[in-house]
Amino acid sequence: MITINRLNKWYGDFHVLRDIDLEVAKGERIVICGPSGSGKSTLIRCINHLERHQQGDITVGGVHMTNDIKRIEQIRRNVGMVFQHFNLFPHLTVLENCCLSPIWVQKKPRREAEKTAMEYLERVRIANQAQKYPGQLSGGQQQRVAIARALCMHPQVMLFDEPTSALDPEMIKEVLDVMIELAREGMTMLCVTHEMGFAKTVADRVIFMDEGQIVESAPPQELFNNPQSPRTKEFLSQIL
Ligand code: ADP
Ligand code: MG
């Protein structure tokens with residue numbers, strides 16, 4: 001589903017991603033963890049070209065990423081993204097947030113888009129809030145709307161960038177439960193998160209990043225119980 005080869009990226013002089021190699025199979029669930037500033041967000045943002053890389057190759061769903069807008073759009077149609085701060089449109093209702101891209105990008109008739117949106121809102125258990133505005137919802141509810149909105153485009157891959165780290169503790173579970181359900185349904189997922197319980201429940205592999213590199217990659221039990229690198233050990237000792 002995703003192939004990344006020898007990916008390098010710089011912000012000015014700062015070498016933020018160093019020789020990243022990563023293969024993600026269809027249906028695979030990957031958790032990415034690592035210290036703040038290690039390049040986790042930059043890496044997943046490169047996958048749908050929210051960030052441009054300078055060296056290496058990224059292929060998503062068989063489409064090779066270039067700077068050609070047609071290709072970028074083709075890839076973005078296949079890739080859903082959920083951000084730390086939800087990024088819902090504040091002036092649109094929950095339902096309108098979910099219908100915007102299906103109507104304007106996929107050219108779906110409004111009625112069909114609304115029907116699909118209500119189905120996904122039902123699945124994240126928030127259909128009863130469809131007519132509200134994001135500002136009227138809790139953080140956990142907004143994040144579930146953001147997940148539903150991404151799913152309305154029927155993506156083949158979902159990228160999550162610390163989806164629960166802006167939430168109050170009591171709201172983390174309602175979002176993780178939705179993500180676990182999605183994982184069980186077979187969605188290909190790349191999740192930047194430090195929720196190690198989530199990683200143990202659903203991840204096929206956990207990747208530890210530090211200073212722009214993939215330091216270690218292993219199934220959760222292996223990585224948590226028997227980390228190979230001292231950097232991984234030190235990081236885990238701080239968060240577990
Ligand atoms: P993480 O998500 O692991 O915390 P990021 O990918 O956000 O890390 O950032 C990695 C590094 O790149 C950090 O040192 C950050 O300050 C820097 N960085 C991120 N975005 C930019 C940007 N747009 N311009 C310059 N530096 C950036
Ligand atoms: Mg980040």
(message) Multiplying the sequence separation of residue 64 and residue 50 by 0.36 nm and subtracting their Cα-Cα distance, what value in nm do you get?
(response) 3.5 nm
(request) Please report, in debye to the nearest 20, how large the charge dipole of the range 96-240 is about its Cα centre when each Lys and Arg carries +1 at its beta carbon and each Asp and Glu carries -1 there. (result) 620 debye
(request) Quick one: what are the phi-derived ³J(HN,Hα) couplings along the range 145-152, Karplus 6.51/-1.76/1.60 with θ = phi - 60°, whole Hz, x for glycine and proline? (result) 5, 4, 5, 4, 4, 5, 5, 4
(message) Pairs of alpha-carbon atoms within less than 8 angstrom and 6+ residues apart define the contacts here; what relative contact order does the chain have, in percent?
(response) 26 percent
(request) Counting helices only, and only those DSSP H runs with n ≥ 4, report the 222 nm mean residue ellipticity of the chain as the sum of -39,500 (n - 2.57) divided by its residues, in deg cm²/dmol to the nearest 500. (result) -12000 deg cm²/dmol
(request) Taking H placed 1.01 Å from N in the peptide plane, check which residues at least 5 places from residue 34 or on another chain put their amide H under 5 Å from its amide H. (result) 209
(request) Would you mind checking the tilt of helix 110-123 against the longest principal axis of the Cα atoms of the chain, expressed as 0 to 90 degrees and rounded to 10? (result) 60 degrees
(message) What do you get for trypsin sites (Lys or Arg not before Pro) in the range 29-124 restricted to DSSP loop and a cutoff of at most 15 other Cβ within 10 Å of the site's Cβ?
(response) 52, 107
(request) Lys and Arg at +1, Asp and Glu at -1: add these up for the other residues within a Cβ distance under 15 Å of residue 231 and post the number. (result) -1
(request) Can you tell me the 0 to 90 degree angle between the C-alpha axis of helix 94-104 and the longest principal axis of the chain, rounded to 10? (result) 80 degrees
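For the residues 191, 33, what sequence is obtained by ranking on other C-beta atoms within 10 Å, fewest first?
33, 191
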(request) Give the angle, between 0 and 90 degrees and rounded to the nearest 10, that separates the Cα long axis of helix 169-184 from the longest principal axis of the Cα atoms of the chain. (result) 90 degrees
(message) Using +1 at the C-beta of Lys and Arg and -1 at the C-beta of Asp and Glu, which of 134, 22, 164 has the Cα lying farthest in the positive direction of the dipole of the chain?
(response) 134
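Bear in mind these aren't lab numbers, they're just calculated from the coordinates by the rules spelled out. Bear in mind the structure is a predicted one, so any value in this text is a computation, not a measurement. Counting neighbours? That spans all protein chains shown, and the Cβs are built from the backbone with ideal geometry, glycine included.
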